[in-house]
1. Between L118, L83, which is in a helix (DSSP H, G or I) and either surrounded by 14 or more Cβ atoms within 10 Å (Cβ to Cβ) or free of Cβ contacts under 8 Å to residues at least 40 places away in the same chain (or both)?
2. D228 is checked against (1) away from the ligand (no atom under 16 Å from the Cβ); (2) part of a loop (DSSP other than H, G, I, E, B); (3) of a type outside the set (V, I, T) and fails just one. What number does that condition carry?
3. Are there any pairs, at least 6 apart or on different chains, whose C-beta atoms fall under 7 Å, with the first in the range 335-363 and over 18 Å from G64 (Cα atoms) and the second within 10 Å of the ligand (Cβ to nearest atom), and if so, which?
4. So which residues in the range 279-322 are assigned to a helix (DSSP H, G or I) and in contact with a His (Cβ under 9 Å, 6 or more places away or on another chain)?
5. If we keep just the residues of the range 341-363 that are surrounded by fewer than 24 Cβ atoms within 10 Å (Cβ to Cβ) and either under 19 Å from the mean Cα position of the chain (by Cα) or assigned to a loop (DSSP other than H, G, I, E, B) (or both), which is farthest from the ligand (Cβ to nearest atom)?
6. Go through the range 209-232 and give me each residue that's over 9 Å from the mean Cα position of the chain (by Cα) and among the polar types (S, T, N, Q).
7. Go over the candidates G64, G45 one by one and state the one that is surrounded by fewer than 17 Cβ atoms within 10 Å (Cβ to Cβ) and either within 16 Å of the ligand (Cβ to nearest atom) or within 20 Å of V362 (Cβ to Cβ) (or both).
8. Please find, within the range 276-300, the residue that is surrounded by the fewest Cβ atoms within 10 Å (Cβ to Cβ) out of those that are under 14 Å from L341 (Cα atoms) and within 13 Å of the ligand (Cβ to nearest atom).
Amino acid sequence: MTSPNATLQIGGQSIELPTLRGSLGPDVIDTRALGSQGYFTYDPGFLSTASCSSSITYIDGDQGLLYYRGYPIEQIAEGSDFLETAYLLWNGELPNVEQKQEFDALVSQHTMLHDQMLSLYKGFRRDAHPMAVMVSIIGAMAAFYPESGDVADAKQREISMFRLLAKVPTVAAWSYKYNKGEPFIYPQNHMGYAENFLYMLHATPCEDYQPSPVLARALDRIFILHADHEQNASTSTVRMAGSSYANPFACIAAGTACLWGPLHGGANASVLAMLAEMGDVSRIGEYVNRAKDKTSGFRLMGFGHRVYKNMDPRAAIMRQTCYEVLDELGLHDDPLFKMALKLEQIALEDDYFIKKKLYPNVDFYSGIVLRALGIPTSMFTAIFALARTAGWIAQWNEMIVSPGHKIARPRQLYTGPQRRDFVPVSAR
Ligand code: CMC
């Protein structure tokens, strides 16, 4: 879709640039032809740059809206499940009953890891961070499925997509088991996706574990809420890596590595650490004041977002999930949850947070749910990666099949020395 041209006046020159109109959201100025006119755009951190066109996920940060293929996240979280969400993200439409059964069955047929991969795990130190293990094991899958490198072949892409979605829970659960020094627990293909993941985490060969439906549903909802979030840092990394037609396992490993950073996937663990350090509702004011003081270097973790300048819709769903999980476990008086609720209330009434449009994000409450499910903080980012794999795959596949595909190759504003002559070391 097109909209009126934009005119750029520069050094007495007038450059006409087309603008493009999406189905929702602001128009974008198409600057592709600018390079041939001797100019590049400059936008570190992509504050104002649409890096691609995509029909998968839409966010309206001002209104606090998140849609997967047009469906509001609240409706998906309420009525769908994670595998159905993955189907929707990949295919653009919700499945009918047969399509859903077929999709679920296909995923459940690929949950086991190649037996040789056990040796890979055993090469790690026992205290290896689960994300370090995930990056390695997911990347190593390319060596087990070399035919997946043929990304032009739709059949190969499809098999890799199913393998990735099916195996990441096993990869993540086993990284935890390895830390604990417990034997790996094999996936149970008759179980639901989240149920099976909880089982692989908490069962042992000596003791069975049957997760309650309420807890499995809560984890499934966490997976849904994290499944995709348009062109965030890790998704852009997957697209960047995939733009060279690299193997899909390598691309998802690259996205996993990017997600590991504390500014992206690591925030929910920081929320728990902050609440634990706070210790009591009486100290909330002190922390809020610290967050407002620029010299303190402290931020309220779980608050603020690059895109949402309103309530992150995922945070509201997560808050509700907190109530359900804590209720199921009889933890009505969970002190961290009480503190989180009070902190949210105080911050939302504070001028600083109101003016800067800082609202709770998805991470504010997800750590409390994960902790209640018996999942240690070291696994939080791994769970985020597991869920986001669904979206990464959808975005990767969309990029590969998009017409006029180009390798990603940003330009730069060079600020180094100009040409100078080399001086031999003896003369320096
Ligand atoms: N506490 C106090 N002040 C804050 C906070 C916060 N949590 N977040 C932003 N600000 C202030 C910041 O100091 C700045 O003030 P000023 O304009 O006076 O310099 C202003 O708000 C804008 O902040 P920014 O850092 O320029 O905004 P950004 O879009 O670059 O950063 C963010 C977004 C999420 C990194 C940031 O809000 C933050 O560090 N939040 C805490 C960490 C967190 O919860 N991260 C999880 C993000 S959601 C997960 C996901 O979707 O992947």
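Values in this text are rule-based calculations from the coordinates and carry no lab data. All values reported here derive from a predicted model rather than from experimental measurement. Neighbour counts are summed over all protein chains in view; Cβ atoms, including those assigned to glycine, are modelled from backbone coordinates with ideal geometry.
1. Values: L118 fails: either surrounded by 14 or more Cβ atoms within 10 Å (Cβ to Cβ) or free of Cβ contacts under 8 Å to residues at least 40 places away in the same chain (or both).
Among L118, L83, only L83 is in a helix (DSSP H, G or I) and either surrounded by 14 or more Cβ atoms within 10 Å (Cβ to Cβ) or free of Cβ contacts under 8 Å to residues at least 40 places away in the same chain (or both).
2. If we test D228 against (1) away from the ligand (no atom under 16 Å from the Cβ); (2) part of a loop (DSSP other than H, G, I, E, B); (3) of a type outside the set (V, I, T), just (1) comes out false.
3. As it stands, the answer is A340/F364; I346/V288; D350/V288; Y352/K292, since those pairs meet every condition given.
4. First, pick out the residues of the range 279-322 that are assigned to a helix (DSSP H, G or I): 281-292, 294-296, 313-322.
Within the range 279-322, just R314 meets the criteria.
5. E349
6. Q210, S212, Q231
7. Values: G64 fails: surrounded by fewer than 17 Cβ atoms within 10 Å (Cβ to Cβ).
One residue alone meets the criteria, G45.
8. V288
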